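Written out below as structure tokens is the structure these notes cover.
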Amino acid sequence: MDTANEQKRVLLLMSPATYRAGAFLNAARGLNLEVVVGIDLPETLSEYWHVPLGLDFTDPGASLRTITEFAQQHPIHAVVSVDDSATELAALAGTALDLAHNSPQAAEAARDKLLMRTLMSAGGAPCPIFRPFSLSDDPTWIATQVSYPCVVKPLRLSGSRGVIRANNQAEFVAAFNRLKRLLISEGNAEHETSMLVEDFIPGFEVALEGMLTHGQLKVLALFDKPDPLDGPFFEETIYTTPSRIPAGAQEDIARCVATAAASLGLREGPVHAELRVNEQGPWMLEIAGRSIGGLCSTVLEFGSGMCLEELILRHAIGQEITSIQRDTRAAGVMMIPIPSAGMLKGVRGVEEAQRVPLITGVEITAKLNYLLVPLPEGASYLGFIFARGETPAGVESAIRQAHKLLRFEIRREIPVLRT
């Protein structure tokens, strides 16, 4: 059969709550790709909602069988995980279908912080001193065994969930117990679950967005994070690009990320890396085998207006990418933090914020009358503010001005006790 002009079919794996679906679907439509969406849904719900490929991401074996059986009748040319939740399943499917992919072992290492730290340390990527402890361990004893300041973090949660700084033994015990409650509420068994304790690295943070092809890293963007991230929680807010740090330091960061990717065995597709930088140079915090989360990718443009999702899909189907040069204008995004727990009852000032010069969009993603949960337990934001301009400093200033104009009515729900 002549496949030269055959429409390519891409499997997009995503969770029902992802922010990223629209961007990937629009990019696929622009590339004339046939898209099959694999959603993390129980079989009964997927049948009820007529989802073509309902999968259980917590059961990779069964999900892989579903994918390979589907591919026997409908050949798949690429498998892309839209967010963290399915990167390991995407690697398993890529292996089974003989597609360009990261190995399942590399995908697991990019999701498990203990395995990631172990491999990065062995591979020569600078990273904090770390030790794992079980949830069943005595926190008062652990508090005497670690250095301060330190950071406790879960092995699997993303988006800074459960990441807490402790400056002394009392703070450590409180942080340990808080993370333990969160992990148990997520269904983790106390005697089978570990957490990581690592030295706090002083300095400022950056994020690198890159693309791996046969193990070679191409830097797509380097983001500055102008707000200090010193704890006790590590809620990310503003990203701006291009970076304002010196060119030599940017090259050091890129080399550090390439070393980290190689140490984990990541070889194909997008990577999103978080680093801290101080007078000793860059330090690896984390590297993920997927692109930047939330709606942040909308600030990136490449070549002739190519969005990040289009670039990822072109790479996934083996299409040549003629240019990955980013748009030269400065761009920025703010992930609007949740200031307090409670019920979102109203939002004001959006129109005024949108009229601030350089602001290109304000999108409130939190739903009215829904409960808001801030970090370290929460997993979402109030929304996003986007800006473009001539300089990163101008973009940052516009975002801060727009944020000050927003007013969120959050009502703390106090349960009524009846006698």
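The values are calculated or read from the model by the stated rules, or taken from the named source; none is laboratory data. Since this is a predicted model, take the numbers as computed values, not measurements. Ideal geometry is used to build each Cβ from the backbone, glycine not excepted, and the neighbour counts take in all protein chains shown. Quick note on the areas: whole protein, heavy atoms, side chains included, nothing else; ligands and nucleic acids left out. Shrake-Rupley method; radii C 1.70, N 1.55, O 1.52, S 1.80 Å.
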note = The helices (runs of 4 or more DSSP H) lying wholly within segment 300-419 that contain at least 1 residues that are loosely packed, with under 13 Cβ neighbours inside 10 Å and of a type in the set (D, E, K, R) are 350-354, 392-405
task = Consider only pairs whose beta carbons are under 6 Å apart and that are at least six residues apart or on different chains; among these, list those whose first residue lies in segment 238-250 and is farther than 27 Å from Leu382 by Cβ and whose second residue is assigned to a strand (DSSP E or B) and open to solvent by less than 30 Å² (accessible area, probe 1.4 Å).
result = Gln250/Leu222
task = Out of Glu192, Glu186, Glu171, report the one residue that is more than 22 Å from the chain's Cα centre (by Cα) and at pLDDT below 95.
result = Glu192
query = What do you reckon, is Gly269 open to solvent by less than 20 Å² (accessible area, probe 1.4 Å), of a type outside the set (D, E, K, R) and more than 22 Å from Val82 (Cα to Cα)?
reply = no
task = Please go through segment 227-253 and pick out each residue that is in contact with a strand residue (DSSP E or B) (Cβ under 9 Å, 6 or more places away or on another chain) and either among the β-branched types (Val, Ile, Thr) or in a helix (DSSP H, G or I) (or both).
result = Thr237, Ile238, Thr240, Thr241, Ile245, Ala249, Gln250, Asp252, Ile253
ask   = Hey, Met343 hits all of (1) over 18 Å from Met211 (Cβ atoms); (2) modelled with pLDDT under 95; (3) in contact with a Lys or Arg (Cβ under 6 Å, 6 or more places away or on another chain) but one; which does it fall short on?
value = (2)
ask   = How many residues are modelled with pLDDT of 95 or more and open to solvent by 70 Å² or more (accessible area, probe 1.4 Å) when one looks only at segment 33-68?
value = 1
remark   = Here, helices (runs of 4 or more DSSP H) confined to segment 88-205 with at least 1 residues that are touching a residue at least 40 places away in the same chain (Cβ under 8 Å), open to solvent by 50 Å² or more (accessible area, probe 1.4 Å) and farther than 27 Å from Ala258 by Cβ are 169-185
inquiry  = Can you find a residue that is closer than 20 Å to Asp83 by Cβ, part of a loop (DSSP other than H, G, I, E, B) and open to solvent by less than 20 Å² (accessible area, probe 1.4 Å) anywhere in segment 254-261?
reply    = no
